[in-house]
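The values are calculated or read from the model by the stated rules, or taken from the named source; none is laboratory data. Small disclaimer: the values here were computed from a predicted structure and weren't measured. Every residue, glycine as well, gets a Cβ built from its backbone with ideal geometry; the counts of neighbours run over all protein chains shown. Only protein heavy atoms, including side chains, enter the accessible area calculation; ligands, DNA and RNA are left aside. Shrake-Rupley method; radii C 1.70, N 1.55, O 1.52, S 1.80 Å.
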Amino acid sequence: MTLPAATLDHVVINARDDMDRAADIYRRLGFTLTERGYHSLGSINHLAMFGTDYLELIAVPKGATTGRMDLLTFPFGLNGLVFGSEDSAVTYESLSKVGVPIDPPVEFTRPVKVAGKEHDARFRTVRMKAGVVPYGRVYYCHHFTRDLVWRDEWRHHANGAVAVVRALIVEPDPAAGAKLYADMFGPENVRDIKGGKTVVIGNSRFDIVTEAELAAQVGEAAPNPEGRKAYMAGLTFRTTSLAKAAQALQAGKIAFTKKDGRLVVPAKEAVNAVLEFIE
């Protein structure tokens, strides 16, 4: 059985039940956000679309008592790493056969307005079983209506962002944390790096590092772990221009530093996720 190809679909920032604040912050970070979406599962979202992947802000409506209440069990910050699937049934079958602890596909929809007309975007996700990933949610997403999600008018951002190139994950034992990805994609996708392991995901990578290595890379810009030993710490975006990104951050009154050819936005400025911009 051939394992699924390692491709990044999107990454998810958990806004819990405070979407208004999160959306305001990410607009001031220089991202163009789609209109608020309402999933049939009960969550709400905004997207920042790039070339082949995207950033999702997700939350439950303030005051909600039903729906995606599981989002309230996670702290604010980076909470989801999502891989692409062209066929969720095949993804589920192939991963189940090699022993990856995965749940059957779940289908849902979200209304999307395009050129003044409303359409239903349809998705099917295949998620890791509860408790498998200690630092958040890891799953696959199968898009049935890609034309309603990747639209050019949503891909232009004041900060020049065009892609997610890295996610940073903290694990006390990076080798143990990387085993799941070796099982999902094959051991050739996992490499050694300073302070941990990296997983090659198409044009992106997921760095699984110790807390000491995170501190060495981002210092005081790191997120508040809120007592967690393992957590998703932040994201690196490719921008067409560091000068453009800096101008957007300044216009949004977002604090940042320039370090080793990258712009670093502290997690306290970005809903508890440290953000980097590189050219």
Problem set entry | Members of the stretch 75-102 that are within 30 Å of ALA270 (Cβ to Cβ) and either surrounded by fewer than 20 Cβ atoms within 10 Å (Cβ to Cβ) or not hydrophobic (A, V, I, L, M, F, W, C) (or both) | PRO75, GLY77, ASN79, GLY80, GLY84, SER85
Exercise. Could you say which residue among THR65, THR91 is over 22 Å from ARG155 (Cβ atoms), at pLDDT below 95 and not aliphatic (A, V, I, L, M)?
Worked result: THR65
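Only one of VAL200, VAL209 is surrounded by 21 or more Cβ atoms within 10 Å (Cβ to Cβ) and of a type in the set (Val, Ile, Thr). Can you tell me which?
On the way: VAL200 fails: surrounded by 21 or more Cβ atoms within 10 Å (Cβ to Cβ).
Among VAL200, VAL209, only VAL209 is surrounded by 21 or more Cβ atoms within 10 Å (Cβ to Cβ) and of a type in the set (Val, Ile, Thr).
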For this session: State which residue is nearest to ARG166 (Cα to Cα) when the search covers only the stretch 232-246 and only residues that are open to solvent by 50 Å² or more (accessible area, probe 1.4 Å) and either in contact (Cβ under 8 Å) with a residue 12 or more places away in the chain or within 20 Å of the chain's Cα centre (by Cα) (or both).
Result: ARG238
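Being open to solvent by 70 Å² or more (accessible area, probe 1.4 Å), outside any strand (DSSP E or B), over 22 Å from ARG137 (Cα atoms) and in contact with a helix residue (DSSP H, G or I) (Cβ under 9 Å, 6 or more places away or on another chain) is true for just one of LYS258, LYS229, LYS253. Which residue is that?
Numbers: LYS258 fails: outside any strand (DSSP E or B); LYS229 fails: over 22 Å from ARG137 (Cα atoms).
Testing whether each residue is open to solvent by 70 Å² or more (accessible area, probe 1.4 Å), outside any strand (DSSP E or B), over 22 Å from ARG137 (Cα atoms) and in contact with a helix residue (DSSP H, G or I) (Cβ under 9 Å, 6 or more places away or on another chain) leaves just LYS253.
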For this session: Return only the number of the condition from (1) open to solvent by 60 Å² or more (accessible area, probe 1.4 Å); (2) closer than 18 Å to GLU86 by Cα that THR145 does not satisfy.
Result: (1)
